[in-house]
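No value in this document is a laboratory result; all are computed from the given coordinates. Everything numeric here is computed off the predicted structure, so don't read it as measured data. Methodologically, a virtual Cβ is constructed for each residue, glycine included, from the backbone with ideal geometry; neighbour enumeration extends over all protein chains shown.
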Amino acid sequence: MKWYEPICSLFKNGSVDLDSVYRRKATEIEFYEPPKAKKLTGIIANGQLWHIEWDKVKNFRVEDGMELPSNCYRTAPAKRKPTMFVAHWDVCLSSASCFKVLSKRKLSVHFLIDNDGTIYQIMDTNDIAFHAGSRKVNNTSIGVEISNAYYPKYRESYITRGFGMRPLVKDAKVHGKTLDPHLGFYPVQIEAFKALAKTLNKIYDIPLVAPMENNQLVETIYSDAKNAKFKGVVSHYHITKRKIDCAGLKLDEVLK
């Protein structure tokens with residue numbers, strides 16, 4: 001049946017209520033319209049949308065997403081084949097704050113993981129982010145900033161904001177030194193990180209392994225990571241002794 005057939009019958013019977021006609025017309029048109037596709041969520045690699053097994057993802061193409069200005073990163077001249085996934089903590093109270101800092105400083109990272117586990121993709125993974133302090137590492141890696149203000153004095157702030165008590169990491173070692181107690185990641189952030197690492201493994205075949213020696217996670221600079229020869233998942237401190245993030249994050253256990 002076409003939308004106009006019931007209306008024509010009204011005219012034939014001589015009982016026409018114009019208001020009813022217009023309402024019925026609108027209803028019939030709406031009924032026969034094909035349903036609109038649901039908004040797809042996922043991450044974007046070289047312009048292509050990829051599914052991720054995580055329900056809280058906002059890429060830079062969605063209305064409430066975040067997208068870095070083009071002066072914060074470098075467009076790759078060809079399709080990239082990243083071999084490393086680099087974890088950072090942002091020393092900010094939220095991913096929104098981290099995004100503002102990156103934009104202001106003309107720095108970049110591909111992903112942000114917020115306190116509630118929401119993954120924000122703020123640039124295409126095919127583009128080159130300025131996150132590792134090394135051109136050769138930047139060229140061959142993908143970076144993520146996990147929201148974590150680091151200093152214990154901010155612990156109460158997370159409770160006030162409704163995220164609950166943040167874990168405290170004690171006796172973490174990096175570059176041969178034991179750090180003072182510092183804030184750790186929420187379990188939901190770790191789960192989001194794992195989901196993201198698994199997706200990057202599917203897209204780019206980045207191995208789900210961390211720098212290891214004698215069956216122990218390396219807790220200092222790792223030569224192959226520094227020289228962009230390592231294939232796997234690393235913390236920022238594996239690349240340079242000037243950084244300590246993400247000390248205390250047991251990548252070997254997370255990636256199991």
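So if I check each of I159, I190, which one is surrounded by fewer than 18 Cβ atoms within 10 Å (Cβ to Cβ) and part of a helix (DSSP H, G or I)? Please lay out each step first, then the result.
Working: I190 fails: surrounded by fewer than 18 Cβ atoms within 10 Å (Cβ to Cβ).
Among I159, I190, only I159 is surrounded by fewer than 18 Cβ atoms within 10 Å (Cβ to Cβ) and part of a helix (DSSP H, G or I).
How many residues are in contact with a strand residue (DSSP E or B) (Cβ under 9 Å, 6 or more places away or on another chain) and farther than 23 Å from R166 by Cα if we restrict to segment 114-133?
The qualifying residues number 12.
Would you call A96 in contact with a Phe, Trp or Tyr (Cβ under 7 Å, 6 or more places away or on another chain), assigned to a helix (DSSP H, G or I), of a type in the set (G, A, S) and touching a residue at least 24 places away in the same chain (Cβ under 8 Å)?
On the way: in contact with a Phe, Trp or Tyr (Cβ under 7 Å, 6 or more places away or on another chain): no; assigned to a helix (DSSP H, G or I): yes; of a type in the set (G, A, S): yes; touching a residue at least 24 places away in the same chain (Cβ under 8 Å): yes.
No; evaluated as a whole, the condition is false for this residue.
Please state which one of V174, V254, V209 is aliphatic (A, V, I, L, M), surrounded by fewer than 17 Cβ atoms within 10 Å (Cβ to Cβ) and closer than 24 Å to V109 by Cα. Walk me through it before giving the result.
On the way: V174 fails: surrounded by fewer than 17 Cβ atoms within 10 Å (Cβ to Cβ); V254 fails: surrounded by fewer than 17 Cβ atoms within 10 Å (Cβ to Cβ).
None of the others qualify; the one that does is V209.
Looking at segment 96-134, which of the residues that are among the charged types (D, E, K, R) and more than 20 Å from N46 (Cα to Cα) is surrounded by the most Cβ atoms within 10 Å (Cβ to Cβ)? Before the answer, list the steps.
Step one: list which residues in segment 96-134 are among the charged types (D, E, K, R), which gives 100, 104-106, 114, 116, 124, 127.
Subsequent filtering for residues that are more than 20 Å from N46 (Cα to Cα) retains 100, 104-106, 114, 116.
Numbers: K100: 13, K104: 9, R105: 10, K106: 12, D114: 23, D116: 16.
Here the answer is D114.
Failed condition for N214, given (1) under 16 Å from H88 (Cα atoms); (2) of a type outside the set (V, I, T); (3) surrounded by fewer than 16 Cβ atoms within 10 Å (Cβ to Cβ), with all others met?
(1)
Looking only at segment 224-241, decide whether some residue is in contact with a His (Cβ under 7 Å, 6 or more places away or on another chain) and of a type in the set (V, I, T).
No, every residue in segment 224-241 fails to be in contact with a His (Cβ under 7 Å, 6 or more places away or on another chain) and of a type in the set (V, I, T).
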